[in-house]
1. Tell me, which helices (runs of 4 or more DSSP H) wholly within the range 206-296 include 2 or more residues that are under 23 Å from VAL134 (Cβ atoms), of a type outside the set (Ser, Thr, Tyr) and without any contact (Cβ under 8 Å) to a residue 24 or more places away in the chain?
2. If I filter the range 174-186 for residues that are of a type in the set (S, T, N, Q), surrounded by 13 or more Cβ atoms within 10 Å (Cβ to Cβ), out of contact with any Ser or Thr (no Cβ under 6 Å at 6 or more places or on another chain) and more than 30 Å from GLY251 (Cβ to Cβ), do I get at least one hit?
3. How many residues are surrounded by 15 or more Cβ atoms within 10 Å (Cβ to Cβ), aliphatic (A, V, I, L, M) and farther than 19 Å from ILE277 by Cα when one looks only at the range 132-152?
4. Criterion first (touching a residue at least 60 places away in the same chain (Cβ under 8 Å), surrounded by fewer than 16 Cβ atoms within 10 Å (Cβ to Cβ) and either closer than 14 Å to ILE305 by Cα or within 20 Å of the chain's Cα centre (by Cα) (or both)) does GLY114 satisfy it?
5. Just give me the residues in the range 117-134 being part of a helix (DSSP H, G or I), without any contact (Cβ under 8 Å) to a residue 40 or more places away in the chain and of a type outside the set (Phe, Trp, Tyr), in sequence order.
6. Right, GLY177: touching a residue at least 40 places away in the same chain (Cβ under 8 Å), in a helix (DSSP H, G or I) and touching a Phe, Trp or Tyr at 6+ places or on another chain (Cβ under 9 Å) or not?
7. Going through THR189, THR232, THR226, THR217 one at a time, which residue ends up being within 28 Å of ALA313 (Cα to Cα) and of a type in the set (S, T, N, Q)?
8. Could you list all residues from the range 55-73 that are more than 33 Å from the chain's Cα centre (by Cα) and touching a residue at least 40 places away in the same chain (Cβ under 8 Å)?
Amino acid sequence: MSLRKYLAKRVVVALFILWAIASLNFLIFEGISPVKPESMYRSLANPKFTPKMRKALIELWGLNRPMHVRYLNYVKNMFTWNFGFSLHTMTSIAEEMSWRLPTTVMLLGSALVGTILIGVTLGIFAASRRGSKVDVLAIGAGIFVWAIPIFYLQLLAMLLFYYYTHMAFGFSVFPPGDIASSQPVQPVTYMADIAWHLALPLITLLLAGFGSWALMTRNLVLDALTQDYVVTARAKGLTEKNVLYRHAFRGTLPPIVTMITMSIPGILTGSVITETIFTLPGIGDWYLTGLMTADYPVIEAVLFIYTVLMVFANLLSDFLYGVVDPRVRVGESYQK
């Protein structure tokens, strides 16, 4: 079986997984729904709503339709990125997601890229100087900040750089939260304002995340440096830099690629705590609000997006494995 056929089969399996999880998602929320929709959706219990308005809302959400019709509409909405309407705000979920998702991707995506670059670079540097003071200091600092709960680190940063500086000097180094101070006027000024608001949460995420990548990379590189192919490369007279990067580090790429791709869904899951603490209008804050207000369509939409990211991460991992490790290419030319 060639790599192309292998990936094609993986795509088919991924689509089946998406359908299965979407169906399970529908059945879970359908199962916890009481018989009467008025008792499930708080909006229908509003005393200001007339019977005509309640009837219109029931028709809008399709509660008067048979279960199989609701299921087909649900699957269609999920796979066409429609998602329906929020029960809490009465607005389109897709429209609200369109301005919330960039905030989450901008913050958590930058944090993911930053922690990978800092952690992997630091891990390679520490492995190349095993046992030195630089190695002990770098890995010790990484383990220390990794052991601190992220919410504690973020609350401490808020206390120090906002509350204490405001009390002592009358100004804050960083704003207390939100994505921007005002509506956009000039693009450059507005982007600088957004960067100022996201700076503190981004710094805390980088501090909390680089340690695990540094420790993992260091251990992988140290193990690779003991392999026969690295010993052979040194025996050929290659420079230590060449041996380290082109041979030892290249041999560690498959597990690192797996860790990177499996971290992609964390852009959503990791946003709940950070966006709540810094009051950022992103997907994590939206999901938590949906849980507190029993906004089931929003919860279903966010869970489906998370599923899509997870399945995409697995497909990307399979593809990159075939690129960085020829042994994965079943039946390819390396066997000939």
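The values are calculated or read from the model by the stated rules, or taken from the named source; none is laboratory data. Since the model is a prediction, treat every value here as computed from it, not as a measurement. Neighbour counts are summed over all protein chains in view; Cβ atoms, including those assigned to glycine, are modelled from backbone coordinates with ideal geometry.
1. On the way: elements: 228-235, 253-262, 266-269, 271-277, 283-292.
Ranges flagged: 228-235.
2. Looking only at the range 174-186, we keep the residues that are of a type in the set (S, T, N, Q), and these are 181-183, 186.
In the following step, the residues that additionally are surrounded by 13 or more Cβ atoms within 10 Å (Cβ to Cβ) were identified as none.
No, because not a single residue in the range 174-186 is of a type in the set (S, T, N, Q), surrounded by 13 or more Cβ atoms within 10 Å (Cβ to Cβ), out of contact with any Ser or Thr (no Cβ under 6 Å at 6 or more places or on another chain) and more than 30 Å from GLY251 (Cβ to Cβ).
3. Summing the residues that are surrounded by 15 or more Cβ atoms within 10 Å (Cβ to Cβ), aliphatic (A, V, I, L, M) and farther than 19 Å from ILE277 by Cα in the range 132-152 gives 3.
4. Details: touching a residue at least 60 places away in the same chain (Cβ under 8 Å): yes; surrounded by fewer than 16 Cβ atoms within 10 Å (Cβ to Cβ): no; either closer than 14 Å to ILE305 by Cα or within 20 Å of the chain's Cα centre (by Cα) (or both): yes.
It is false that GLY114 is touching a residue at least 60 places away in the same chain (Cβ under 8 Å), surrounded by fewer than 16 Cβ atoms within 10 Å (Cβ to Cβ) and either closer than 14 Å to ILE305 by Cα or within 20 Å of the chain's Cα centre (by Cα) (or both).
5. Narrowing the range 117-134 to residues part of a helix (DSSP H, G or I): 117-128, 133-134.
Among the residues that remain, those that are also without any contact (Cβ under 8 Å) to a residue 40 or more places away in the chain are: 117, 121, 125, 133-134.
Within the range 117-134, LEU117, THR121, LYS133, VAL134 meet the criteria.
6. Numbers: touching a residue at least 40 places away in the same chain (Cβ under 8 Å): yes; in a helix (DSSP H, G or I): no; touching a Phe, Trp or Tyr at 6+ places or on another chain (Cβ under 9 Å): yes.
No: the conditions fail for GLY177.
7. Details: THR189 fails: within 28 Å of ALA313 (Cα to Cα); THR232 fails: within 28 Å of ALA313 (Cα to Cα); THR226 fails: within 28 Å of ALA313 (Cα to Cα).
So the residue among THR189, THR232, THR226, THR217 that is within 28 Å of ALA313 (Cα to Cα) and of a type in the set (S, T, N, Q) is THR217.
8. As a first pass, look at the range 55-73 and keep what is more than 33 Å from the chain's Cα centre (by Cα): 55-59, 64-66.
Residues satisfying the conditions do not exist here.
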